[in-house]
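S.K.: This is the structure I have questions about; it appears just below.
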Amino acid sequence: MIISASYKTDIPAFYGQWFVNRLDAGYCMMRNPMNRRPIRVSLRPGDVEGIVFWTKNFRPFMKHVDQVATTGIPFTVQYTINAYSKSLEHNVVEWKKSVDASLRLAERFGPRCVVWRYDTIIFTQDTPAEFHAENFARIADALKGAVDEVVISFLQIYKKTKRNMDEMSRQCGNPWFDPEPEIKRSLAQDLFKLAADRNMVLTICSQPELLTVQPPSRCIDAARLGDVAGRPIVVKTAGNRPGCECAASRDIGDYDTCPHGCVYCYAVRTQDLAIRRFKEHNPESEYLFDDPTAPPAELKQVRQVDQGRLDF
């Protein structure tokens, strides 16, 4: 089994102590988001073949990485570095600090450990295609030699995403737009060339309609984990949406718990709620966050509020 930690929230940035506590215990608990059924997930080395961390700020977790390494469980890091303005990412750490953390991880665990994610690609007045080409090249230059793959994806518009993007446009005067697929394909081609010039393979996450020469990504990548481990890891492919070629995994995060404040995030309905849950989090709990009395539709009743702030 591969553990995903977590595409629903940023465990390395905010819940690192909880994670290593659960490693010590050998298991964690989570709830099915659809029916609230409790699920016990083993974290024992004999049961876990690898861990994939998802983060925008691995720095707080650096003090725990030795504890993870001593288990013998290989891990990789899907590290999102966008260098966006505060209008799009309210509480994300400055991008050069994330580059530094990536370099440190690569130096210790090798360039197969870290995958750079330049996603989600957002088109706004302040971030047109020209911005992304220049921004991508600047970050790629800083990461050259430390990563061998960069994953991109373009904004997928859900009801809550549109609501939050519209609110951002009103509050920040930075109108957003969704361009024609051909514009996205053209930008993807440009980024592919920029990545190749820096010895990186560019892949696209779960958007096969935009593929040209770019291969699809495997964010949960058993082969990459095997390279880090120095032994084969064979897990069946079990993508969770069209175009997804990820290996089968168990995600142990929870929705509405990440206070980074990315207005385009599909996993958070309101930042106010995410910050409240973060503050109520108990690192000694079996669950990352648990409210067993809450019905599955609880969050539909939460109204949009002004964006909160955190200090880093």
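No value in this document is a laboratory result; all are computed from the given coordinates. Treat the numbers as computed from the prediction; the structure is a model and nothing was measured. Glycine gets a Cβ as well: all are built from the backbone with ideal geometry, and neighbour counts include every protein chain shown.
S.K.: So how do 134-144, 259-269 stack up, highest first, on mean other-Cβ count within 10 Å? It would help to have the intermediate numbers written out before the result.
M.R.: Working: 134-144: 16.8, 259-269: 22.2.
Ranking the peptides 134-144, 259-269 by packing returns 259-269, 134-144.
S.K.: For the chain, can you list the cysteines whose C-beta has no other cysteine C-beta under 4.7 Å from it?
M.R.: Cys28, Cys113, Cys172, Cys205, Cys219, Cys244, Cys246, Cys258
S.K.: Within 13 Å, Cβ to Cβ, of Arg59, how many net charges do the neighbouring residues add up to if Lys/Arg are +1 and Asp/Glu are -1? Write out the running numbers ahead of the final one.
M.R.: On the way: positive: Lys56, Lys63, Lys96, Lys97, Arg104; negative: Asp10, Glu94, Asp100.
Summing Lys and Arg as +1 and Asp and Glu as -1 gives +2.
S.K.: Using Cα positions and a limit of under 30 Å, work out the lysines in reach of Lys144, with same-chain residues fewer than 8 apart set aside.
M.R.: Lys8, Lys56, Lys63, Lys86, Lys96, Lys97, Lys184, Lys193
S.K.: Can you compute the modelled spin-label distance between Phe131 and Lys193, with each label point 7 Å from Cα toward Cβ, in nm?
M.R.: 2.3 nm
S.K.: Post the alpha-carbon centroid distance, region 153-225 to region 1-58, in whole angstrom.
M.R.: After rounding, the separation between the Cα centres reads 26 Å.
S.K.: Right, something else. What is the sum of charges around Leu194, taking Lys and Arg as +1, Asp and Glu as -1, for the other residues whose C-beta is under 14 Å from the C-beta of Leu194? Could you put the intermediate results ahead of the total?
M.R.: On the way: positive: Arg138, Lys144, Lys193, Arg198; negative: Glu130, Glu134, Asp141, Glu149, Asp190, Asp197.
Summing Lys and Arg as +1 and Asp and Glu as -1 gives -2.
S.K.: Hey, another quick one. Given Cα pairs under 8 Å that are at least 6 residues apart, what percent is the relative contact order of region 2-301?
M.R.: Details: 557 pairs, mean separation 71.3, N = 300.
Here the relative contact order equals 24 percent.
S.K.: Counting only C-alpha contacts under 8 Å and six or more residues apart, can you give the relative contact order of region 111-225 as a whole percent?
M.R.: Answer for region 111-225 is 31 percent.
S.K.: Once the other residues with Cβ under 10 Å from the Cβ of Tyr79 are scored (Lys, Arg +1; Asp, Glu -1), what is the net sum?
M.R.: Details: positive: Lys56, Arg117; negative: none.
Combined, the nearby Lys, Arg, Asp and Glu give +2.
S.K.: Pop the C-beta distance of Ala223 and Gln67 into the FRET formula with R0 = 35 Å and round what comes out to the nearest 0.05. All intermediate terms of the calculation are to be shown ahead of the outcome.
M.R.: Values: r = 26 Å, r/R0 = 0.73.
About 0.85, to the nearest 0.05.
S.K.: Turning to a different aspect of this structure: Let me spell out the model: positive unit charges on the Cβ of Lys and Arg, negative unit charges on the Cβ of Asp and Glu, origin at the Cα centre of the chain. What dipole size does that give, in debye rounded to 20?
M.R.: On the way: 41 positive and 39 negative charges, 105 e Å.
Computed about the Cα centre, the dipole is about 500 debye.
S.K.: If you don't mind, another one. Using 0.36 nm times the number of residues separating Leu103 and Glu209, minus their current alpha carbon distance, what extension gain do you get?
M.R.: Gain in length upon complete extension: 34.9 nm.
S.K.: How would you rank 21-29, 227-235, 183-191, highest first, on the average number of other Cβ atoms within 10 Å across their residues?
M.R.: Working: 21-29: 16.6, 227-235: 13.9, 183-191: 18.4.
Put in order of decreasing packing, that is 183-191, 21-29, 227-235.
S.K.: Then there's this: Once each part is reduced to its C-alpha centroid, what is the distance from region 246-271 to region 73-89 in angstrom?
M.R.: Cα centroid of region 246-271 versus Cα centroid of region 73-89: 13 Å apart.
S.K.: Among (1) 33, 20, 18; (2) 42, 22, 18; (3) 28, 26, 18, find the value of semi-axes √(5λ) of the Cα gyration tensor in Å that was calculated from the structure presented, and write down its label.
M.R.: (3)
S.K.: Which one of Val234, Leu88, Leu194 is farthest out on the positive end of the charge dipole of the chain, using unit charges on Cβ (Lys, Arg +1; Asp, Glu -1) and the Cα centre as origin?
M.R.: Val234
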